[in-house]
1. Which residues, taken from segment 160-184, are hydroxyl-bearing (Ser, Thr, Tyr) and either within 14 Å of the ligand (Cβ to nearest atom) or in the same structural domain as GLN83 (by TED's automatic domain parsing) (or both)?
2. Which residues, taken from segment 22-43, are farther than 12 Å from ILE170 by Cβ and either more than 18 Å from the chain's Cα centre (by Cα) or not assigned by TED's automatic domain parsing to the domain that holds ASP121 (or both)?
3. Restricting attention to segment 44-70, which residues are aliphatic (A, V, I, L, M) and either more than 22 Å from TYR124 (Cβ to Cβ) or at pLDDT 95 or above (or both)?
4. Enumerate the strands (runs of 3 or more DSSP E) found wholly within segment 185-225, keeping only those where 2 or more residues are within 16 Å of the ligand (Cβ to nearest atom).
5. Regarding VAL36, is this residue crowded, with 17+ Cβ neighbours inside 10 Å and closer than 16 Å to VAL116 by Cα?
Amino acid sequence: MDNRFDKYTDTYIENNFTAITEKWCKFLNKKGVTKVNLYSGYNYTINALVLFYLYDNMGKKVSKKDLTEFLNYMGIYPNDVQQARHLAQQSGWYIISGTRGDIEAKKLGLNSGEYVLLTLDKPYPYFKKEKREFIEHEDYWLYLLDKYKNKCATCGSEDGKPNRYYPSSITNLQQGHKNPSKPLTEGNIIPQCEKCNRPDRNYFIYDDTGRVTAIADPKFVLKSDKETQIEMLEHIIWENKDDRMFVNSIKKMLSEII
Ligand SMILES: [Zn+2]
């Protein structure tokens with residue numbers, strides 16, 4: 001029996017997670033790094049366990065295999081552990097990944113599927129490039145929470161209470177973009193639960209009521225069926241038929257293919 005995880009008792013995990021949360025409060029919260037909750041209902045969250053394991057091995061290489069084996073030890077059997085990558089890119093924790101080919105990864109000699117949590121004193125340096133900029137106006141966020149009565153703009157789940165559609169998950173309101181291609185600053189924020197503030201939402205632009213109003217990433221169109229794609233193309237071409245530059249560039253594009 002593999003006993004390298006035996007030290008991971010509930011008390012050990014809880015104590016270490018408290019230390020992580022304290023660091024988050026002190027250094028990372030104000031930089032917009034997403035808080036990770038240890039529990040969802042009575043269970044540990046996978047994000048928390050992955051963050052905990054990286055923290056317990058801070059500065060050392062951790063492979064996807066290590067993470068998977070640790071989660072298995074904790075009684076969780078995920079298909080593919082992507083959490084370490086997401087914690088860096090989407091949540092801002094300073095986790096270097098070999099897969100992503102960061103400069104630090106090259107320096108640390110990380111291979112694909114290997115991660116290192118470098119520090120809890122600073123956010124992931126590429127985090128700002130992920131367009132989740134540091135919010136200077138903490139008051140504005142408090143004002144928004146008040147305006148939305150501590151509820152998710154999209155689904156109405158209340159902060160600290162079970163999610164309306166995923167009752168086993170406790171709502172933790174996050175700063176969601178209205179337009180993901182613009183910085184997370186005043187006027188571009190709505191409170192959203194973690195279920196509504198998911199990465200796939202980067203495809204859309206939202207209004208103040210958390211409803212989708214437009215597509216933010218044209219690649220999303222490719223998820224539609226062929227007929228819809230052709231129809232969309234017709235709309236776009238028809239709408240721009242009087243724009244000579246547009247027509248010429250379409251003509252050129254077609255002539256290169258045909
Ligand atoms: Zn929601």
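1. Residues of segment 160-184 that are hydroxyl-bearing (Ser, Thr, Tyr), as a first pass: 165-166, 168-169, 171, 181.
Within segment 160-184, TYR165, TYR166, SER169, THR171 meet the criteria.
2. Of everything in segment 22-43, those that are farther than 12 Å from ILE170 by Cβ and either more than 18 Å from the chain's Cα centre (by Cα) or not assigned by TED's automatic domain parsing to the domain that holds ASP121 (or both) turn out to be GLU22, LYS23, CYS25, LYS26, PHE27.
3. Here is the first cut: in segment 44-70, the residues aliphatic (A, V, I, L, M) are 46, 48-51, 54, 58, 62, 67.
ALA48, LEU49, VAL50, LEU51, LEU54, MET58, VAL62, LEU67, listed by residue number.
4. Working: elements: 189-192, 204-206, 212-215.
Here the list reads 189-192, 204-206.
5. Values: crowded, with 17+ Cβ neighbours inside 10 Å: yes; closer than 16 Å to VAL116 by Cα: no.
It is false that VAL36 is crowded, with 17+ Cβ neighbours inside 10 Å and closer than 16 Å to VAL116 by Cα.
The values are calculated or read from the model by the stated rules, or taken from the named source; none is laboratory data. Note that this is a predicted model, so its numbers are computed, not measured. Note: ideal-geometry Cβ built from the backbone for every residue, glycine included; neighbour counts use all protein chains shown.
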